[in-house]
Amino acid sequence: MFIQDVQATAISYHGKALLIQGPSGVGKTRLALQLIERGAKLIGDDCVSVFIKKNQLYCKAKENFKGVLEIRGLGLVKGFKVAEPSPVLSLIRLHPEKVERLPKTKKISLLGKKVPVFDFYACETNDIQVLYLTRILNGRFSLLKESEC
């Protein structure tokens, strides 16, 4: 099995993985903690591994940092519940500058699998926004197409 390391914090929500990327200090851990407080489980912090299982992209924690999250000002905090390897639902990129309000759909390829990418302005991103993203990607809600406006 081929495994690729990805620089990201990852959480699992309802069994699906969200990868969170962005520059240092932008709020990846803050967002992960907000989601964990709403029922998500930690997969891994800062660096996680992706692999293909049953023709789907999965994410898992690095062995030596399972259950550990770095919280700025506190250090490495252990004791978080760790999610089982989970299928990757999407990649969230946090940016220190404002991003488009109505962006075009984007995808990246990880190990040959296309993954939806969402760019969020870190100062405006919160857990509710991301929870609705998971609901949209799981089909409970849908995004209006430009032609429908």
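Structure values in brief
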| quantity | calculated |
| --- | --- |
| Karplus-derived HN-Hα couplings along the range 36-42 (A = 6.51, B = -1.76, C = 1.60, θ = phi - 60°), whole Hz, x at Gly and Pro | 4, 5, 9, x, 6, 10, 6 |
| Order of THR134, THR9, THR105 under a 10 Å beta carbon neighbour criterion, fewest first | THR105, THR134, THR9 |
| GNM result for the chain, Cα springs below 10 Å: residue of LEU89, LEU102, LEU57 fluctuating most strongly | LEU102 |
| Computed [θ] at 222 nm, deg cm²/dmol, the chain (DSSP H ≥ 4; -39,500 (n - 2.57); rounded to nearest 500) | -4000 deg cm²/dmol |
| Spatially proximal aspartates and glutamates relative to LYS53 (Cα-Cα < 19 Å; intrachain offsets below 8 disregarded) | ASP5, GLU63, GLU84 |
| Mean separation of Cα contacts under 8 Å, 6 or more apart, over the residue count of the chain: relative contact order % | 23 |
| Reachable aspartates and glutamates, given that their alpha-carbon falls under 14 Å from the alpha-carbon of LYS28 and they are not under 8 places away in the same chain | ASP45, ASP46, GLU70, ASP119, GLU124, ASP127 |
| Extension gain from ARG101 to LEU143, taking 0.36 nm per residue of separation minus the Cα-Cα distance | 13.8 nm |
| Stretchable slack from LEU111 to GLU37, in nm (0.36 nm times residue separation minus alpha-carbon distance) | 23.6 nm |
| Neighbour-count order for PHE120, PHE51, PHE2, PHE141, fewest beta carbons within 10 angstrom listed first | PHE2, PHE141, PHE51, PHE120 |
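Values quoted throughout were computed directly from the atomic coordinates according to the rules given, and no laboratory measurement underlies them. This is a predicted model, so every value here is computed, not measured. No Cβ is skipped: glycine too gets one built from the backbone with ideal geometry, and neighbour counts run over all protein chains shown.
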